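The values are calculated or read from the model by the stated rules, or taken from the named source; none is laboratory data. These figures come from a predicted structure and were not determined experimentally. Counting neighbours? That spans all protein chains shown, and the Cβs are built from the backbone with ideal geometry, glycine included. Surface areas here come from the heavy atoms of the whole protein model, side chains and all, with no ligands, DNA or RNA. Shrake-Rupley method; radii C 1.70, N 1.55, O 1.52, S 1.80 Å.
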Amino acid sequence: MTGSLPAPPAGMAVQQEVSIGADCRPRTGEVRLMPLGRAEGTAAGVGTEDTESGRHRLSSWNEMYDCCNIRMTGLYLTSHWTTGGGRVVSAATDATQQWNREPWDAGWSRKSATEGVDCATDCPASRSEAHADFTYRGIFDATGTWYANTHHSYVDIKADGTASCHFEVDLRHTFIGWNWRRGCA
């Protein structure tokens, strides 16, 4: 599944939910704009900053929840950049991941994770990106071969200070009621 969201105005977050229906097909929810304090993602409290001219920050969240509203896996990307003279002067990114473990030393595990920017200094534009692979072995699959989630998050940065978020998630298998929550602030 894939999707894009525009960067919200300062003090706001934009988010969307995609659920898996009874026919195992994705159901795309509406894109919602809301104040930062009401956004649902773990990174939602961070927000976009422009406290000094040319300094920017945008955080995004890319999460998979099960039918009981338990976050199974999540990828969180924060992009920092400065602009000036019609260029992206500098760009950097930080990424974190979270996953749900079960009490009996089972559940979701991070298999691998990467992060980076395609152009870090004096760029016409830049792209921050993060990727995370997760596997599952536990009560719902004792073999560890059935479920796996791979999250991809991107922030496309322009020299005028604007940005947009793009998300992808690959699911080896899924189940009714799983939902994908994505957003940026």
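Annotation note: of GLY177, GLY183, GLY144, the sole residue that is over 20 Å from the mean Cα position of the chain (by Cα) and open to solvent by less than 50 Å² (accessible area, probe 1.4 Å) is GLY144.
Checking each residue in region 79-90 for being crowded, with 23+ Cβ neighbours inside 10 Å and under 17 Å from the mean Cα position of the chain (by Cα) picks out only SER79. For region 37-75, the set of residues classified as in a strand (DSSP E or B) and modelled with pLDDT under 60 consists of GLU49 only. Of the residues ALA113, ALA13, ALA95, the single one that is among the aliphatic types (A, V, I, L, M) and modelled with pLDDT under 95 is ALA13.
Would you confirm whether or not region 91-109 contains a residue that is of a type outside the set (Ser, Thr, Tyr), touching an Asp or Glu at 6+ places or on another chain (Cβ under 8 Å), more than 25 Å from PRO6 (Cα to Cα) and open to solvent by 50 Å² or more (accessible area, probe 1.4 Å)? The answer is no, given that none of the residues of region 91-109 is of a type outside the set (Ser, Thr, Tyr), touching an Asp or Glu at 6+ places or on another chain (Cβ under 8 Å), more than 25 Å from PRO6 (Cα to Cα) and open to solvent by 50 Å² or more (accessible area, probe 1.4 Å).
Pairs linking a residue in region 150-179 that is closer than 14 Å to MET1 by Cβ to a residue that is β-branched (Val, Ile, Thr) and not in a strand (DSSP E or B), with Cβ atoms under 9 Å and 6 or more positions apart or on different chains, are ARG172/THR145.
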